[in-house]
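Report on the structure given below.
The values are calculated or read from the model by the stated rules, or taken from the named source; none is laboratory data. Computed from a predicted structure; not experimentally measured. Neighbour counts run over all protein chains shown; Cβ positions are idealised from the backbone, glycine included.
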Amino acid sequence: MSSAATAARARILPHGPLDLIRQLAIWFGFLFAYRYTRGVADRDAFQAFQNGLRVADFEHRITGLWELSLQSFVASSNVLREATSLTYWHSQFTVLGLVLLWVYLRRNDHFVPLRNTILLANVIGLVGFVLMPTAPPRMFPELGFVDTLANFGINHNSAIVRADANPYAAMPSLHAADSLWLLWPLWVWFSVMATGNHFWLDIVAGILVATVAAAVVNHKHLRRFVARVRPAPA
């Protein structure tokens, strides 16, 4: 193979096709693990609804359920309803997967820390789903919440959705955690609340999960940064 061809392949695939296949296997392996954990986490429906009500009660006492006002605002606009539903449906795996692919191909030196941070955040979230299954706001119509994805034409009880989603995975919000690595966290947070899939407390928990994951994965860089900014001893 000529040096020009080798250089061209390196520009397209930084570490060759086998490494790309390995990275794809890691990503889809995570998706498989997510689906498997769903089968464990959604068995205690009663506990999930109890936990969801506890979240709603806490928010009601602290700030009120202002997510209801958010849903009313979105319901007034067909464009907002469509946009928030599409964002919720595609932000976590579709958009995130495409961003990871772009970083792998174009900013490869940042790929491994980003991938590891996202995977660790999601693993922490999966543990949370098992230990504390929590029903999302949309499952509490008696509180005034609406499942806007149903109006969007997505049936949460369909076989396809059941295979891809954990119905009691509201706390922490991995949509919120994963969006921190992109450029649109505020929009994603807005969308997951507007569609009735997360309380704001779920989003706070998701941000905390992402922060812990980033600190663990990047602890060496943090130590070097602290060493540089620490004043020299007198």
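For beta carbons closer than 9 Å, sequence separation of 6+ or different chains, a first residue in the stretch 183-194 that is without any contact (Cβ under 8 Å) to a residue 40 or more places away in the chain and a second that is surrounded by 19 or more Cβ atoms within 10 Å (Cβ to Cβ) and outside any helix (DSSP H, G or I), the qualifying pairs are 189/173; 189/198.
If you go through the stretch 69-101 and keep only what is among the polar types (S, T, N, Q) and loosely packed, with under 14 Cβ neighbours inside 10 Å, you end up with 69, 72, 76, 77, 78, 94. Could you go through the stretch 46-54 and let me know if any residue there is at pLDDT 90 or above, surrounded by fewer than 11 Cβ atoms within 10 Å (Cβ to Cβ) and small (Gly, Ala, Ser). Within the stretch 46-54, not a single residue is at pLDDT 90 or above, surrounded by fewer than 11 Cβ atoms within 10 Å (Cβ to Cβ) and small (Gly, Ala, Ser). Scanning the stretch 181-199 for residues that are surrounded by 21 or more Cβ atoms within 10 Å (Cβ to Cβ) and of a type in the set (A, V, I, L, M, F, W, C) turns up 188, 189, 192, 193, 194, 199. Can you name the residue in the stretch 162-214 that is of a type in the set (D, E, K, R) and within 20 Å of residue 35 (Cβ to Cβ) and, of all such residues, is modelled with the lowest pLDDT? Step by step, filter the stretch 162-214, then rank; the result is 162.
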